[in-house]
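First the structure, in the form of structure tokens, and then the observations on it.
Readers should treat all values here as calculations from the given coordinates under stated rules, not as data from a laboratory. It should be emphasised that the depicted structure is a prediction, and the values quoted were computed from it without experimental measurement.
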């Protein structure tokens, strides 16, 4: 089981992501971000690359895709909130998206 981040861990791991466009989701301990690409193929390619990393981490996002937009929510259901896996996957997604 993965542990929920402590306040100190959250400051170190989540705050940098919040500075890069992620935001806390209202009503739950989760973070979200909207990625917008040039077209559907780029959005789908991002999702495919992110899925490979998610599978390796055994940590899977909640996400939604319409045309060139991918909306991502990260949380760890086992921990009932944000964990180090969310921070890691969020950073990977930012890198894959070029940000």
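Counting only C-alpha contacts under 8 Å and six or more residues apart, can you give the relative contact order of the chain as a whole percent?
Numbers: 135 pairs, mean separation 35.7, N = 99.
Relative contact order, the chain: 36 percent.
Given springs between every Cα pair under 10 Å in a Gaussian network model of the chain, which of 38, 12, 79 has the largest fluctuation?
With Cα springs under 10 Å in the chain, the top fluctuation among 38, 12, 79 is at 38.
Who wins for biggest fluctuation among 62, 71, 42 in a Gaussian network model of the chain, springs between alpha carbons below 10 Å?
The residue that fluctuates most here is 62.
For helix 40-57, report the angle its Cα long axis makes with the longest principal axis of the Cα atoms of the chain; keep it between 0 and 90° and round to the nearest 10°.
30 degrees
At 0.36 nm per residue, minus the direct Cα-Cα distance, what do residue 41 and residue 26 gain on full extension? Give it in nm, one decimal, please.
My answer for the length gained is 2.4 nm.
Send over the per residue convex hull volume for the range 2-99, Cα only, as a whole number of Å³.
Spread over its residues, the Cα hull of the range 2-99 gives 86 Å³ apiece.
Using only Cα atoms, locate the centre of the range 8-25 and the centre of the range 32-94, then give the distance between them in Å, rounded to an integer.
15 Å
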